[in-house]
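Notes follow once the structure below has been shown.
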Ligand code: SF4
Ligand code: ZN
C-alpha cells in the first residue's frame, strides 16, 4: 500500500492543487482527518522553501466537544511548530452553535438541523480566517468517504448545481473567496485513521453531540455497507462525479456572485445564507 504522503502528492499533482510559493491555510478541527492532514502537509511544505503553512480552526461553540478538539489541534500545531489561528462563531456572529440550537428549538423550527446551521456558518468563518491570515489556498481534510457522501447528499437534496461545484479544487471565482483544496479527496477514511494511529498522532475521538441528527450519517452507513459488499464502489462513485462535472454545462458561479448587502461577503443571493440565518435568530 502506498503511503498516505505519496498518495497525497499524487492527488495534489493530479488536480494541480498547489503552486511552489503558495501560503496554505490548513483547516484543523482536532479530529483524526484534519490533524493527519496537518502532519502530511507540514512534511510536504519542507520541500518547498518558498511556500508557507498556517493552521486555522473554527470554534463553533459546542460545549464539551469543540473545546477539547481545539486543545488537541493546538497541541499538534505546537509540536509541529505551526502558527495556529482560531475564529469563533461567538466573536463573528454573536452566538455559539449551542445558542443557535437553543433558539431554533424555542422557535419550534424543525426543518433544519444543527448541522445545516453549522455548515453554513462554518464555511463563512473558515473563508474569513483564511483571508485574514493571507492564505492563497485553504486545505480541508475531506476524505474520499466525505466526498462520496456529499455527492449523494446533494443529489438527495436535489441540489445538483452544488454537487457539480464541490470539486477537489474550487474555482477562483471571487477575490474574497479563498480557493479550497482537498488533498485527501482520494484517500479512504480508514487510511487516515490508520495513519494517525501508526504515527501516534493525538486526535479527538468523541463525536459531535449533534452528529446523530445528520442525514449524512445514514448515507455513511449505507455507503460502508455497499463498500463491504462491492469493494471499490466509493471510488467508482467519486470518479463518476468527476466525469459528470466537465460534461454538464452548469451556470458559472462567477457570473452569479455579488456582495451580501449585510456583511459584504460573496454570495449568490442579495443576502448571504449566514446573514439570513442570523436575521431569523435575532428575530426569534
Ligand atoms: Fe457542526 Fe454537525 Fe459537524 Fe457537529 S456534526 S460540528 S453540528 S456540522
Ligand atoms: Zn452576509
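With Rh defined as the Kirkwood radius, the inverse of the mean 1/r over Cα pairs, the Rg/Rh of segment 148-242 is 0.99. With both partners inside the chain, how many of the DSSP beta bridges are antiparallel, as a percent to the nearest 5? Of those bridges, close to 15 percent are antiparallel.
For Cα pairs less than 8 Å apart in space and 6+ apart in sequence, what is the mean separation divided by the residue count of the chain, i.e. the relative contact order in percent? Write down the numbers at each step before the final one.
Numbers: 399 pairs, mean separation 63.6, N = 284.
Relative contact order, the chain: 22 percent.
Would you mind estimating how fast the chain diffuses translationally, via Stokes-Einstein at 37 °C and 0.692 mPa s with the Kirkwood radius over Cα pairs, in µm²/s? Before the final figure, lay out the partial values.
Working: Rh = 19.8 Å.
Answer, rounded: 166 µm²/s.
Taking 232, 30, 119 in turn, the Gaussian network model of the chain (Cα-Cα springs below 10 Å) assigns the largest fluctuation to 232. At a Förster radius of 22 Å, what calculated FRET efficiency corresponds to the Cβ-Cβ distance of residue 217 and residue 99, to the nearest 0.05? Computed FRET efficiency for residue 217 and residue 99 comes out at 0.40.
Compared with the alpha-carbon gap, the fully stretched path from residue 171 to residue 228 is longer by 17.1 nm at 0.36 nm per residue. For residue 71 and residue 248, a Förster radius of 41 Å and the Cβ-Cβ distance give a FRET efficiency of 0.40, rounded to the nearest 0.05.
How large is the translational diffusion coefficient of segment 11-122 in µm² per second when you combine the Kirkwood radius over alpha carbon pairs with Stokes-Einstein at 25 °C and 0.890 mPa s? Answer, rounded: 156 µm²/s.
No value in this document is a laboratory result; all are computed from the given coordinates. It should be emphasised that the depicted structure is a prediction, and the values quoted were computed from it without experimental measurement. Reconstructed Cβ throughout: ideal geometry from the backbone, glycine too, with neighbour counts over all protein chains shown.
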